[in-house]
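What follows is calculated from the coordinates using simple rules that are stated; it is not laboratory data. Here the structure is a predicted model, which is why all the values come from computation and not from measurement. With ideal geometry, Cβ positions are generated from the backbone for all residues, glycine too; neighbour counts draw on all protein chains shown.
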Amino acid sequence: MASPPVVEDLPAPLNASSEPPALFDGTTRLYTSYICPYAQRVWITRNLKGMQDKIKLVPIDLGNRPAWYKEKVYPENKVPALEHNGKVIGESLDLIKYLDSNFEGPSLYPEDPAKREFGEELLKYTDMFNNTIYSSFKGDPAKETAPVLDYLENALHRFSDGPFFLGQLSLVDIAYIPFIERFQIFLSEVFKYDITEGRPKLASWIEEMNKMDTYAQTKIDPKVLMEYYKKRFM
């Protein structure tokens, strides 16, 4: 019988008036933000590895950041960042690989060489994908996003042993889903554009991802997202 999903009581974000945690005391901490898709990648990976009890979430208020975060934790002053074994490392794609390699739990990257090679291609493509979608907000999203969304649709046809990019759930799915989550909501609400129209594989993939409690627990409230994106992009 499967274990019930771990449901966390999420801590409140720390701001400029918040005291720092007991830094570098041996606790592994994931500095995150509930609004940030890059940080969400690492949060999902943590959950899928079953590390909720071993990697503590420390949310940061990005609009009112505590000075100690830059001074004592992460000079880059952004999230995500991981405090582990007396050091702090950042960059979301590096961190999801780090968590997969350095913590117990199910492996999130296949051993098959062909899948690993294609996985690296897809991970490298994430910046192109995200930048294209974001820039389309100022133009014609239906036209401008078609090439990159079609790229993902075609990528989902590559392996037939599962509904995910590499067949089975992997870091590639984790890298894309926080952005797809946001783009699907925003483009539908503002531009009446359905990114899954004519893309059945993408639609099925989103449906499969939404079934996962470990991801669902990290999803942002659509109302909060719309308020944030309208303020930022409109």
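Rg/Rh for the stretch 139-220 to two decimals, with Rh computed the Kirkwood way over all alpha-carbon pairs.
Rounded to two decimals, Rg/Rh equals 0.96.
Between 0 and 90 degrees, rounded to the nearest ten: what's the tilt of helix 200-210 against the longest Cα principal axis of the chain?
In the chain, helix 200-210 runs at an angle near 30 degrees to the longest axis.
Sorted from fewest to most neighbouring beta carbons within 10 Å, what does the list 191, 159 look like?
Going from least to most buried by this count: 191, 159.
Quote the FRET efficiency, to the nearest 0.05, computed for residue 131 versus residue 232 with a Förster distance R0 of 22 Å and r equal to the Cβ-Cβ distance.
The formula returns an efficiency of 0.90 here.
Report, to the nearest 10°, how far helix 37-48 tilts away from the longest principal axis of the Cα atoms in the chain, using its own Cα long axis and a range of 0 to 90°.
Value to nearest ten degrees: 80.
Treating the angle as unsigned and between 0 and 90°, give the value, to the nearest 10°, between the Cα long axis of helix 113-136 and the longest Cα principal axis of the chain.
90
Considering only Cα-Cα distances, which of the following residue pairs are longer than 27 Å: 143/201; 97/223; 54/78; 192/219; 115/143?
Distance filter (> 27 Å) returns 97/223; 115/143.
Got a sec? How would 129, 103 order by Cβ neighbour count within 10 Å, fewest to most?
Ranking 129, 103 by Cβ neighbours within 10 Å, fewest first, gives 103, 129.
Once the piece of chain linking residue 98 and residue 28 is laid out straight, how much longer is it, given 0.36 nm per residue of separation minus the C-alpha distance between them?
Extending this stretch completely gives an extra 23.9 nm.
Using Cα-Cα distances under 8 Å and only pairs 6 or more residues apart, what relative contact order does the chain have, in percent?
Once normalised by length, the contact order is 20 percent.
Counting Lys +1, Arg +1, Asp -1, Glu -1, what net charge surrounds residue 168 among other residues with beta carbon under 14 Å of its beta carbon?
-3
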